[in-house]
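The values are calculated or read from the model by the stated rules, or taken from the named source; none is laboratory data. Bear in mind the structure is a predicted one, so any value in this text is a computation, not a measurement. Counting neighbours? That spans all protein chains shown, and the Cβs are built from the backbone with ideal geometry, glycine included. Only protein heavy atoms, including side chains, enter the accessible area calculation; ligands, DNA and RNA are left aside. Shrake-Rupley method; radii C 1.70, N 1.55, O 1.52, S 1.80 Å.
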Amino acid sequence: MMRELSWIGLLLISAYLLGSIPTGYLAGRLVKGIDIREIGSGSTGATNVLRNLGKGPALVVLLVDAAKGVGAVALVHGFFALTGTSVIPDTWKPWLVAVVALAAMLGHSKSIWINFTGGKSAATGLGVLFAMSWFVALSVLIIFIGVVSISRIVSLGSIAAAIAVAVLMIVLAQPLPYQIFGIVAGLYVILRHRANIQRLLVGTEPRLGQSASAEMISS
């Protein structure tokens, strides 16, 4: 049992460290020499990067953050491909995928490299979903795009997508660990959007195309 727990711990730490790569923070330093956490919403996610650095850096941050989620799940698949079931039973695999996915999302939002700050975990969560269930991920992405297209509010799209993850995992009868992941991850993303929810309730949440300075006023 100790051997299994040691390997699981190593995978969790690896996933957390992968998720904790502060893509948005690095983009701010490299592109404008700024700390993105001190501007706009204070998030290191792609939306804050978009408002303060532009479309190009935001796209790169979005893709890399999503890739971190894909990579975290790939760690588990790679581990089983190399070791088979000689180290960890195959029945543990979906559970391990779920907890490693959560570790990557935690790393993104609580990065050890930038004093446990970070983004809202939406992009990394989407990457995780594509690695877990492409159909659920695509459905969630469509919901996100639809909500943002109508409302022009990214945070509202992220919250709607977070709710959809839990619902779709259950409705589509995904493995139990994935259903639990959907509920926990969805709640976590919503909690990370607490300030956005407060602004949504009072009607001051910034819309796409609104200036960074306007977002600072409303945050």
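Here's the yes/no breakdown for (1) in contact with a strand residue (DSSP E or B) (Cβ under 6 Å, 6 or more places away or on another chain); (2) open to solvent by less than 40 Å² (accessible area, probe 1.4 Å); (3) at pLDDT below 95:
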residue: Val167; (1), (2), (3): no, no, no
residue: Gly182; (1), (2), (3): no, yes, no
residue: Arg192; (1), (2), (3): no, no, yes
residue: Ala195; (1), (2), (3): no, no, yes
residue: Pro206; (1), (2), (3): no, yes, yes
residue: Met216; (1), (2), (3): no, no, yes
Query raised in the report: Any residue at all in segment 51-64 that is in a helix (DSSP H, G or I), polar (S, T, N, Q) and more than 21 Å from Val140 (Cα to Cα)?
Result: yes
Query raised in the report: When you go through (1) part of a loop (DSSP other than H, G, I, E, B); (2) open to solvent by 50 Å² or more (accessible area, probe 1.4 Å); (3) of a type outside the set (Val, Ile, Thr) one by one for Leu75, which number turns out not to apply?
Result: (1)
Query raised in the report: Can you name every residue in segment 14-41 that is surrounded by 23 or more Cβ atoms within 10 Å (Cβ to Cβ), among the hydrophobic types (A, V, I, L, M, F, W, C) and under 23 Å from Phe130 (Cα atoms)?
Result: Ala15
Requested in this report: Using the structure shown, decide if Leu26 is closer than 14 Å to Gly118 by Cβ, part of a helix (DSSP H, G or I) and free of Cβ contacts under 8 Å to residues at least 12 places away in the same chain.
Outcome: yes
Report summary line: Only one of Trp113, Trp95 is of a type in the set (Phe, Trp, Tyr), out of contact with any strand residue (DSSP E or B) (no Cβ under 8 Å at 6 or more places or on another chain) and within 20 Å of Leu75 (Cα to Cα), namely Trp95
Report task. Would you mind telling me which numbered condition in (1) in contact with a strand residue (DSSP E or B) (Cβ under 9 Å, 6 or more places away or on another chain); (2) surrounded by fewer than 24 Cβ atoms within 10 Å (Cβ to Cβ); (3) not aromatic (Phe, Trp, Tyr) Thr44 fails? Result -> (2)
Query raised in the report: So Ile88 clears everything in (1) hydrophobic (A, V, I, L, M, F, W, C); (2) surrounded by fewer than 17 Cβ atoms within 10 Å (Cβ to Cβ); (3) not in a helix (DSSP H, G or I) except one condition, right? Which one?
Result: (2)
Query - Unique residue being within 25 Å of Leu191 (Cα to Cα) and within 13 Å of the chain's Cα centre (by Cα) when the list is Leu18, Leu12 - result: Leu18
Query raised in the report: When Ala122 is evaluated against the numbered criteria (1) open to solvent by 30 Å² or more (accessible area, probe 1.4 Å); (2) modelled with pLDDT of 95 or more; (3) within 12 Å of the chain's Cα centre (by Cα); (4) not polar (S, T, N, Q), which criterion, by number, is the only one it fails?
Result: (2)
Query - Given (1) exposed (fewer than 14 other Cβ atoms within 10 Å of the Cβ); (2) of a type outside the set (Phe, Trp, Tyr); (3) assigned to a helix (DSSP H, G or I), number of the condition Gly69 does not satisfy - result: (1)
